[in-house]
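Since the structure comes first, as C-alpha cells, the remarks are kept for the end.
The values are calculated or read from the model by the stated rules, or taken from the named source; none is laboratory data. These figures come from a predicted structure and were not determined experimentally. Every residue, glycine among them, receives a Cβ derived from its backbone with ideal geometry; neighbour counts consider all protein chains shown. Surface accessibility is based on the protein's heavy atoms, side chains included, excluding ligands, DNA and RNA. Shrake-Rupley method; radii C 1.70, N 1.55, O 1.52, S 1.80 Å.
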Amino acid sequence: MENDVIKIYTERFRQNFDLTALSLYGTDEVLTYGEFAANIAKLHILFNKLGITKGDKIALLGKNTPKWITVFIGTLTYGAVIVPILHDFNPNDATHIVNHSDARLLFVSDSIWDTIEFSDLTQVEAVFSLDDKRIICAKEDKQEIIDIYSHLEADFTAKYPAGFTKNDIAYEHQDKNSVALINYTSGTTGFSKGVMLTYDNLAGNIVFGINEKLYYPGAHCLSFLPLAHAYGCAFDMLVPLAEGSHITIFGKTPAPKLLLKALAEVKPNLVICVPLILEKIYRKQIVPMITKKPMRWVLAIPFLDSVIYSKIRNKLIDAFGGNFEEVIVGGAPINAEVEDFLHKIRFPFTVGYGMTECAPLISYTHYKEFIPTSCGRTLPNMESKIDSPDPENIPGEICVRGQNAMVGYYKNEKATKSVIDSEGWLHTGDMGVRTADGTLFIKGRSKTMILSASGQNIYPEEIESKLNNMPFVSESLVIQKGSGLVALVYPDSEEVDRAGLTDDEFLTKMEENRVELNKIVAPYEKVSAVKIMEEEFEKTPKKSIKRFLYYNA
C-alpha cells in the first residue's frame with residue numbers, strides 16, 4: 001500500500017464509487033462514495049472561487065454528520081489545513097481556537113453558532129452552516145461570497161457537463177511533510193496547543209489500519225466517538241473511508257442504552273470504543289448479575305463457571321451487534337477489574353495506546369495476541385523507549401518517534417521543544433514499562449504521579465481503578481494531603497437510591513470501601529480518608545477529569 005493519503009483516497013473512491021459511504025443514524029440521509037466525492041468536488045470549486053490556497057486554515061465546529069465529514073475530507077484533499085474543534089468546547093475556547101489557528105473559513109452547526117459572536121472572529125472571512133446550504137456570516141464583501149455560493153451548483157454542472165463520474169475523482173498531490181491537520185488538545189485560553197499533523201502522519205495510521213485489515217469494502221462501521229478527536233478521526237473515519245466501508249454516524253450522545261440499540265441495528269464489523277462504555281455496561285449489567293448469591297455459588301464450581309462465563313460472553317457479543325471481529329479500546333486507561341473480567345470470559349477485545357500528537361496510534365495488538373494489562377506492541381513504523389535504568393521493571397516516561405509523530409505545536413516553539421528532544425524523541429508524559437518486543441504497559445501520567453513519604457512512586461489512577469468498582473462509587477480522584485492520600489468520591493446516586501441508604505448508612509459504606517481498598521493496595525498506597533463530592537467532577541471534552549482543579553480540595 002502506497003504511503004500517500006491523496007493517492008489512497010483517489011483510488012479507493014473510484015473503486016468504491018457505487019458503494020454506500022455515509023449515513024446518519026435514525027434518518028434517511030445516505031451517500032454513496034460517488035455522491036460523497038461529488039460533494040467534495042463542489043467544496044473544491046467553492047474553495048477555489050473564494051481564493052483558498054494550500055496551507056490556508058479551515059475551521060470545523062459541530063457534531064458528527066455527513067457534511068462534517070465532507071468538509072474534513074474535502075479540505076484534506078484540496079490541500080488546505082483542516083482545524084476540527086470538539087463541539088463541546090465552551091464558546092470562549094472555541095473562539096480562541098478559531099483565532100489562534102488563523103482560520104479563513106468556519107463551518108459550524110447552527111446551535112453552536114448561536115453562542116459565538118462573529119465580531120470576535122478576527123480572521124474568518126465567511127461562516128457556513130453545517131445544517132443546510134446557507135452562508136451564516138461574511139465580511140464586508142458578503143454579496144460576492146453569496147453570489148459564489150449561490151452559483152455553486154451551476155459551476156459544478158458546467159465543470160462536469162456529462163455528469164460526475166469516477167474518472168473525475170482526481171486530487172492534486174500534496175507533499176507528505178506538509179501540515180494537513182491542526183488538532184487542539186485543549187480549549188483553555190492561553191493553554192491551547194495545536195498539534196500539527198502532516199499527510200505522512202495520517203498516512204502512517206491509515207496504512208496501518210489497511211494492513212491490519214481493520215475494515216474492508218462494504219464493511220459496517222458505527223461511528224460514535226467525536227471525529228474531532230484523533231482516535232475517532234483515524235479509526236471511525238479515515239481508515240474506513242480508505243477501505244470503502246459504510247460509516248453510520250451516531251450523531252447523539254453515546255449513552256449506553258441508545259448506543260447498544262444502534263449497535264444491534266448496524267451490526268458493525270469492528271467496534272472502536274472508549275473504556276467508559278465498557279465500564280458502564282460491566283457495572284450496570286454484569287456486576288448485578290454475577291454478585292447475586294446463587295450466581296456466586298455457581299461461579300465457584302470449576303466446570304459450571306466456564307458455562308456461565310460463556311453465556312455472559314455471548315450475551316455481550318450480541319449486545320455489540322454480534323458481527324464484529326474485535327472491540328478496540330483506547331482513548332484512556334481501562335479499569336483493571338473490567339479488563340480482567342473481559343479476559344476471563346474470553347471477550348474479543350484489545351487495548352491500544354496513542355495520543356493526539358501521534359495522530360493517534362503508538363501501539364496495538366490484535367486481540368488474539370493481546371497481553372492483558374498491556375496496551376499492545378509498538379507499531380512497525382514507530383519506535384518506543386522507556387526513560388528508566390530498567391525499562392522492563394522500573395517505570396519511566398514513555399518516549400516515541402517515527403512516522404506518526406507530529407512535527408510540533410502550531411505557533412508554540414517553546415511547547416514543542418519541551419516535548420520533542422534533540423534526537424527526535426517525543427516525550428509522552430505517560431509512565432510505563434516495555435518488554436523486549438515493544439509491548440507497552442502504562443502505569444500512569446508523570447504529571448499525576450505522587451511521591452510517597454518513603455520515596456515510593458504512587459500512580460493514583462491505579463488506586464482509583466480499584467475504588468471505582470466498589471459499591472456506591474461513580475468515580476473518584478486520589479490526591480495527596482500532607483503526607484497521606486485522600487480519595488475524593490462522587491457517589492452513584494442511582495445505586496444509593498435503590499439501596500434506600502440514609503446519609504449515615506452511606507458514609508458507613510464509604511468507610512467500608514476505604515477499609516477494603518486498603519487491603520488490596522500496597523502499604524504506601526493506603527488511603528487515609530474519603531471525601532464525598534456533591535457535584536460530578538469537571539471534565540475535559542475528552543471526558544477526562546480536570547485533576548488540577550481538585551489538588552487543593
How about segment 89-159: which strands (runs of 3 or more DSSP E) wholly inside it have at least 2 residues that are under 26 Å from the mean Cα position of the chain (by Cα) and of a type outside the set (S, T, N, Q)?
103-108
Among the listed residues Asn205, Asn211, which satisfies the condition of being surrounded by 24 or more Cβ atoms within 10 Å (Cβ to Cβ) and farther than 24 Å from Ala262 by Cβ?
Asn205
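A quick yes/no check of all residues on (1) touching a Pro at 6+ places or on another chain (Cβ under 9 Å); (2) farther than 19 Å from Ala359 by Cα; (3) among the hydroxyl-bearing types (Ser, Thr, Tyr):
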residue	(1), (2), (3)
Glu2	no, no, no
Arg14	no, yes, no
His44	no, yes, no
Ile58	no, no, no
Lys63	yes, yes, no
Lys67	no, yes, no
Phe72	yes, no, no
Would you mind listing the helices (runs of 4 or more DSSP H) fully within segment 228-306 where at least 3 residues are under 17 Å from Val338 (Cα atoms)?
275-281, 287-290
Can you tell me which of (1) under 23 Å from Phe17 (Cβ atoms); (2) surrounded by 13 or more Cβ atoms within 10 Å (Cβ to Cβ); (3) touching a Gly at 6+ places or on another chain (Cβ under 9 Å); (4) not hydroxyl-bearing (Ser, Thr, Tyr) is the one Glu172 doesn't meet?
(2)
Taking segment 469-481 and keeping only residues that are hydroxyl-bearing (Ser, Thr, Tyr) and open to solvent by 20 Å² or more (accessible area, probe 1.4 Å), one is left with Ser474
Assuming Asn16 fulfils every condition listed in (1) crowded, with 21+ Cβ neighbours inside 10 Å; (2) under 23 Å from Gly218 (Cβ atoms); (3) within 26 Å of the chain's Cα centre (by Cα) apart from one, which condition is it?
(3)
If you take the residues in segment 390-447 that are in a strand (DSSP E or B) and basic (Lys, Arg), which one is surrounded by the most Cβ atoms within 10 Å (Cβ to Cβ)?
Arg434
Within segment 92-113, can you find the residues that are surrounded by fewer than 17 Cβ atoms within 10 Å (Cβ to Cβ) and within 12 Å of Gly62 (Cβ to Cβ)?
Asp110, Ser111
Among the numbered conditions (1) of a type in the set (A, V, I, L, M); (2) within 21 Å of the chain's Cα centre (by Cα); (3) surrounded by 20 or more Cβ atoms within 10 Å (Cβ to Cβ), tell me where Ile386 comes up short.
(2)
Only residues in segment 91-118 that are at positive phi count as the first member; pair them with residues that are not in a strand (DSSP E or B), Cβ under 7 angstrom, at least 6 apart or cross-chain, and list the lot.
Asp102/Gln123
If I ask for residues that are more than 24 Å from the chain's Cα centre (by Cα) and either free of Cβ contacts under 8 Å to residues at least 12 places away in the same chain or not in a loop (DSSP other than H, G, I, E, B) (or both), which ones from segment 166-185 would you list?
Lys166, Asn167, Asp168
Among the residues listed as Leu60, Leu86, Leu50, the single one being among the hydrophobic types (A, V, I, L, M, F, W, C) and open to solvent by less than 10 Å² (accessible area, probe 1.4 Å)
Leu60
Scan segment 52-66 and tell me whether some residue there is farther than 17 Å from Val239 by Cβ and at pLDDT below 95.
yes
Search segment 448-468 for residues being open to solvent by 40 Å² or more (accessible area, probe 1.4 Å) and over 20 Å from Ile371 (Cβ atoms), and hand back the single one that is modelled with the lowest pLDDT.
Ser454
Does Pro372 satisfy the criteria of being over 20 Å from the mean Cα position of the chain (by Cα) and not charged (D, E, K, R)?
yes
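Residues are listed down the side, and each one gets a yes or a no for (1) open to solvent by 40 Å² or more (accessible area, probe 1.4 Å); (2) touching a helix residue (DSSP H, G or I) at 6+ places or on another chain (Cβ under 8 Å):
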site	(1), (2)
Ile146	yes, no
Tyr216	yes, yes
Leu227	no, yes
Gly232	no, no
Glu243	no, yes
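Table: residues versus (1) without any contact (Cβ under 8 Å) to a residue 12 or more places away in the chain; (2) in contact with a Ser or Thr (Cβ under 6 Å, 6 or more places away or on another chain); (3) open to solvent by less than 10 Å² (accessible area, probe 1.4 Å); (4) of a type outside the set (Gly, Ala, Ser).
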residue: Lys280; (1), (2), (3), (4): no, no, no, yes
residue: Lys292; (1), (2), (3), (4): yes, no, no, yes
residue: Ala300; (1), (2), (3), (4): yes, no, no, no
residue: Val329; (1), (2), (3), (4): no, no, yes, yes
residue: Pro333; (1), (2), (3), (4): no, no, no, yes
residue: Glu339; (1), (2), (3), (4): no, no, no, yes
